[in-house]
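Structure first, commentary second.
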Amino acid sequence: MKKLLTLTLGAAVAAGPAMAELVFPSLSYRTGAYAAGGIPFADGYADYFTLLNVRDGGIGGVMTAVPECETAYDTERGVECYESTRGSGALVYQPLSTGITYQLIPRTTADGIPMHTMGYGRTSAANGDVFSHTFNYPANYWDAASVIINILLEENGGSLEGKTIALLYHNSAYGREPIRTLQTLAEQYGFTLSELPVDHPGQEQGNQWLQIRREQPDYVVMWGWGVMNQVAVQEAVNIRYPMENFIGNWWAGAEHDVTSVGADAAGYRSLNMNRLGDMPVFDEIQTLVIDAGLAAGDGTNLGSVLYTRGMYAAFLAAEAAELAQEMNGVAQIDAAMMRDAMESLVITNETMEAAGMPGIGPEFTVTCEDHGGTGMAIMQQWDGEQWVTLTDFIAPDDAVIQPLVLEDSAQYAAEASIEPQCGES
Amino acid sequence: MAVGAFTSYKLMTAFPGLDMISITLLSGFMTAMVGVAFGLPSLRIKGFYLAVATLAAQFFLVWLFNKVPWFYNNSASGQISAPERDFFYFTNIAVTGPNAESWAKYLFCFIFVFVLAWVARNLTRGSVGRQWMAIRDMDIAAEIIGVNPLKAKLTAFAVSSFYVGISGALLFTVYLGAVEVGASYGIQKSFLVLFMIIIGGLGSIFGSFAGAAFMVLLPVVLKVLLVDGLGLDTALSTHFQFVIVGGLIMFFLIVEPHGLARLWALMKEKLRLWPFPH
């Protein structure tokens with residue numbers, strides 16, 4: 001089952017810096033409290049590259065390799081993984097952890113390796129002027145917060161005056177990200193925001209839900225991950241909180257978060273940045289990768305929310321690598337070429353359709369100043385058996401987010417004494 | 001450790017001209033003061049109850065650094081990250097930040113480890129150390145022979161907190177570069193340090209080095225052996241690691257409470273007499 005992975009791993013170790021292939025390290029976590037989310041993402045990421053190898057002979061004729069390194073969502077081990085794989089000709093890092101992202105932003109910038117933090121990480125990295133090697137297209141946390149508020153505004157006839165919204169968040173860098181945006185939005189629209197932190201790993205939420213039961217907020221918005229999501233959904237059912245007023249962000253809306261509660265959780269809504277449903281690419285992965293015994297996991301995650309997102313991440317990385325090959329006219333690209341290509345990446349409906357995943361994400365263009373994409377997301381709802389897409393891609397309120405991004409990135413630039421990179425070019 | 005890290009962060013951002021050696025030492029002193037404050041109850045309670053009381057400090061400090069935004073300069077994520085600072089005045093060698101060279105980091109830490117280990121060795125040999133040991137072995141007897149328990153206990157807390165503060169500061173500034181208090185200085189980290197001491201050997205300076213080396217190197221060795229050598233996948237080898245570390249801790253507690261330091265001493269003894277033991 002793991003043969004190819006081990007072979008490529010072995011090859012990567014043996015060949016080392018000989019650079020006979022395109023290396024996309026996967027800092028995965030298949031153990032610990034967050035494994036439920038880490039496994040499908042890592043599977044999707046690895047399987048898509050395997051598909052490219054089997055079907056097309058790699059990217060532009062060069063085989064890809066996805067060496068995996070276990071981080072257990074732990075920042076220190078994430079850094080160790082980075083240090084141990086960066087010498088292998090790594091093209092782009094996707095740590096799938098906000099904590100690790102914060103550690104790696106200065107390191108990757110110093111080493112000249114791009115990092116793609118899709119829908120997580122440091123939001124202000126969308127300002128490419130300051131964060132030269134960090135990309136967070138197609139969307140980021142503050143977009144998510146804004147999209148949720150926009151949807152609620154629409155549902156309430158354009159006004160949230162006097163409403164209360166509780167933010168149930170993972171008490172870490174990840175969960176604290178949206179607070180600033182939501183506070184700004186609360187001032188703007190006149191709703192009351194109450195913040196309920198849940199400590200790592202998130203199994204203990206009795207107090208928080210007691211408070212929700214007492215205060216009866218109109219909406220509960222959740223920034224959760226890993227085991228915290230399942231517990232929160234269960235607790236919400238226990239106190240009979242109206243599920244359709246309980247909204248998760250895009251890391252709190254996968255199958256495994258709600259299946260343990262099942263039909264009782266029907267109505268629970270969450271954001272998603274990638275579309276679901278049947279796509280031609282799944283059939284190809286099934287026949288060429290899973291049936292051939294080359295899958296990274298056991299193959300059961302195919303088509304699930306996070307598998308699709310991992311695959312989407314791999315697709316964006318592969319597109320950027322292909323663009324880098326075109327721009328430089330060489331097949332064996334390096335990290336600097338990859339960075340330049342990521343900065344001029346254009347994703348259109350045609351490219352998505354050509355890859356067999358029509359409409360998986362919004363169309364977007366990355367520029368030197370804007371590393372953040374459009375920030376659009378869809379709303380999905382759990383009907384008791386599966387996730388149903390409710391809306392089309394909804395845009396966030398850039399008028400609110402852009403000043404916050406600029407403010408936060410300016411603070412970072414001052415602290416780390418960074419010169420804006422886009423001006424001179 | 002968290003106190004040391006946050007003190008150095010505040011010092012680094014508040015006084016950009018300060019060099020790393022003074023920052024690290026000041027962080028140590030700050031932690032020593034906090035340690036003394038939490039050591040005060042030790043005059044009343046002892047043994048197991050004291051351990052629980054100091055455990056409260058662990059949770060209180062993590063909560064404090066999470067709760068009060070002043071400690072992390074109001075950053076949106078609650079993380080602190082180390083800016084670039086120099087080795088010492090007038091030297092232009094960075095030891096923190098992404099551009100620091102590995103050799104500079106290594107030498108910087110090595111100087112601290114060397115000097116502090118040397119000081120520790122001499123402290124334990126001198127009168128202060130003998131007072132500590134007397135109090136540790138039997139506090140009533142120590143009091144009778146003229147050891148001031150207040151002074152001995154509080155200096156013990158101050159000195160050990162000073163060491164811990166320095167290690168916390170170095171972990172943040174030199175090694176990690178960015179820290180989130182719950183993830184990096186949580187109870188897990190305290191357990192890791194405790195295991196290092198148990199495996200290395202309680203009550204010896206060499207033991208803490210041996211234990212630290214063991215706990216840090218074991219995952220690396222296991223990864224090389226299981227993932228690269230045997231071709232197991234990463235998740236399985238991580239699970240194996242839990243089993244092996246847990247087993248070793250039980251083994252050491254039951255079979256050899258004095259840990260690796262004792263094993264090392266025994267081996268030296270045996271080899272000296274080999275091949276003709278008594």
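If you average 1/r across every pair of different Cα atoms in the protein assembly as shown and take the reciprocal, what Kirkwood value do you get, in Å?
Result for the protein assembly as shown stands at 27.2 Å.
How large are Rg and Dmax for region A:341-388 when calculated on the C-alpha trace, in angstrom?
Reported Rg and Dmax, both Å: 14.0, 43.
Build a GNM of chain B with springs between Cα atoms under 10 Å: which of B:50, B:217, B:154 gets the top mean-square fluctuation?
Fluctuation is largest for B:217.
What are the semi-axes of the equivalent ellipsoid of region B:10-56, taken as the square roots of 5 times the eigenvalues of the Cα gyration tensor, listed largest first and rounded to whole Å?
Its equivalent ellipsoid spans semi-axes of 32, 9, 8 Å.
Rounded to two decimals, what is the ratio between the C-alpha radius of gyration of region A:28-107 and 2.2 N^0.38 Å?
1.15
Please provide three numbers in whole Å: the alpha-carbon extents of region A:295-372 along the principal axes, with the largest listed first.
Dimensions of region A:295-372 along the principal axes of its Cα atoms: 38, 26, 22 Å.
Positive end of the charge dipole of the protein assembly as shown (Lys, Arg +1 and Asp, Glu -1 on Cβ, about the Cα centre): tell me which of A:84, B:172, A:335 has its Cα farthest that way.
Comparing the listed Cα positions along the dipole, B:172 ranks first.
Report P(r) for region A:189-319: all Cα-Cα distances, bin width 5 Å, range 0 to the bin holding the largest distance, values in whole percent.
Pairs per bin, as whole percents: 2, 9, 17, 19, 16, 11, 10, 7, 5, 2, 1, 0.
Across 5 Å bins from 0, what is the distribution of all Cα-Cα pair distances for region A:277-425, in whole percents?
P(r) for region A:277-425, in whole percents per bin: 2, 8, 12, 16, 16, 17, 14, 8, 6, 3, 0.
Using a 10 Å cut-off around each Cβ of peptide A:172-178, what is the average number of partner chain Cβ atoms that fall inside?
5
Among A:357, A:324, A:229, flag the residue with its Cα farthest along the positive direction of the charge dipole of chain A, charges on Cβ as +1 for Lys/Arg and -1 for Asp/Glu.
A:229
How big is the convex hull of the Cα atoms of region B:230-278, per residue, in Å³?
110 Å³
Mean Kyte-Doolittle hydropathy of 1.6 or higher plus an axial Cα length of 20 Å or more: which whole DSSP H helices in chain B meet both?
B:20-39, B:205-222, B:234-255
Based on alpha-carbon positions alone, could you give the equivalent ellipsoid semi-axes of region A:97-191 from the gyration tensor, as √(5λ), descending, whole Å?
31, 13, 10
How many percent of the alpha carbon pairs in region B:144-225 exceed a separation of 17 Å?
Values: 2067 of 3321 pairs.
Here the long-distance tail beyond 17 Å is 62 percent of all Cα pairs in region B:144-225.
Could you work out the mean projected area of the convex hull around the alpha carbons of region B:136-278, in square nanometres to one decimal? Could you put the intermediate results ahead of the total?
Working: hull surface 54.8 nm².
Directional mean of the projected Cα hull area for region B:136-278 stands at 13.7 nm².
Using the alpha carbon gyration tensor of region A:230-289, what are the three equivalent-ellipsoid semi-axes (square root of 5 times each eigenvalue), largest first, in whole Å?
That gives 29, 12, 9 Å for the three semi-axes.
Just want to confirm a number: the relative contact order over chain A, from Cα pairs under 8 angstrom separated by 6+ residues, in percent.
22 percent
With unit charges on the beta carbons (Lys and Arg positive, Asp and Glu negative) and the dipole taken about the Cα centre of the protein assembly as shown, which residue among B:109, B:97, A:209 sits farthest to the positive side?
So the residue we want is B:109.
So how far, in whole Å, is the C-alpha centre of region B:102-176 from the one of region A:80-99?
37 Å
Hey, in the GNM for chain B with a 10 angstrom Cα cutoff, which one of B:94, B:141, B:158 fluctuates hardest?
Highest fluctuation among the options: B:141.
Under 14 Å from the Cβ of residue B:105, count the other residues' Cβ atoms, weight Lys and Arg +1, Asp and Glu -1, and hand me the total.
Taking every other residue near residue B:105 into account, the sum is -2.
Between region B:1-64 and region B:225-249, what is the separation of their alpha carbon centroids in Å?
34 Å
Any idea what the relative contact order of chain B is, in percent, if you count C-alpha pairs under 8 Å spaced at least 6 apart?
With pairs under 8 Å counted, the relative contact order is 24 percent.
Where in chain A is the longest stretch that carries no GluC sites (Glu not before Pro) classed as loop by DSSP and with at most 10 other Cβ atoms within 10 Å?
After excluding every exposed loop site, the longest remaining stretch is A:162-423.
Among bridges DSSP assigns within the protein assembly as shown, what percent are antiparallel (round to 5)?
Of all bridge pairs located within the protein assembly as shown, approximately 35 percent are antiparallel.
Using amide H atoms built 1.01 Å from N in the peptide plane, name the residues 5+ places from residue A:222, or on other chains, whose amide H lies under 5 Å from its own.
Those lying under 5 Å, H to H, from residue A:222 are A:168, A:247, A:248, A:249.
List the pair-distance distribution P(r) of chain B, using every Cα-Cα distance, as the percent of pairs falling in each 10 Å bin from 0 up to the bin containing the longest distance, rounded to whole percents.
6, 23, 31, 26, 11, 2, 0
Which one, B:115, B:128, B:34, has the greatest fluctuation when you compute a Gaussian network model over chain B with C-alpha springs under 10 angstrom?
In this elastic network of chain B, the residue with the biggest mean-square fluctuation among B:115, B:128, B:34 is B:115.
Add +1 for every Lys or Arg and -1 for every Asp or Glu among the other residues with Cβ under 10 Å from the Cβ of residue A:172, and state the total.
Taking every Cβ under 10 Å from that of residue A:172, the sum is -2.
How shielded is B:178-189 by partner chains, expressed as the average number of their Cβ atoms within 10 Å of its Cβ atoms?
5
Which whole-number percentage describes the relative contact order of region B:110-169, with Cα contacts under 8 Å and a sequence gap of 6 or more?
The value is 25 percent.
Under a Cβ-Cβ cut-off of 13 Å, what is the net charge of the residues other than residue A:228 that fall near it, where Lys and Arg count +1 and Asp and Glu count -1?
Around residue A:228, the charge tally is -4.
May I ask which of B:153/B:189; B:105/B:268; B:223/B:268; B:105/B:270; B:10/B:67 have a Cα-Cα span longer than 27 Å here?
With Cα atoms farther than 27 Å apart: B:105/B:268; B:223/B:268; B:105/B:270.
Coordinate-derived values only; no laboratory data. Everything numeric in this text was worked out from a predicted model, so none of it was measured. Neighbour counts run over all protein chains shown; Cβ positions are idealised from the backbone, glycine included.
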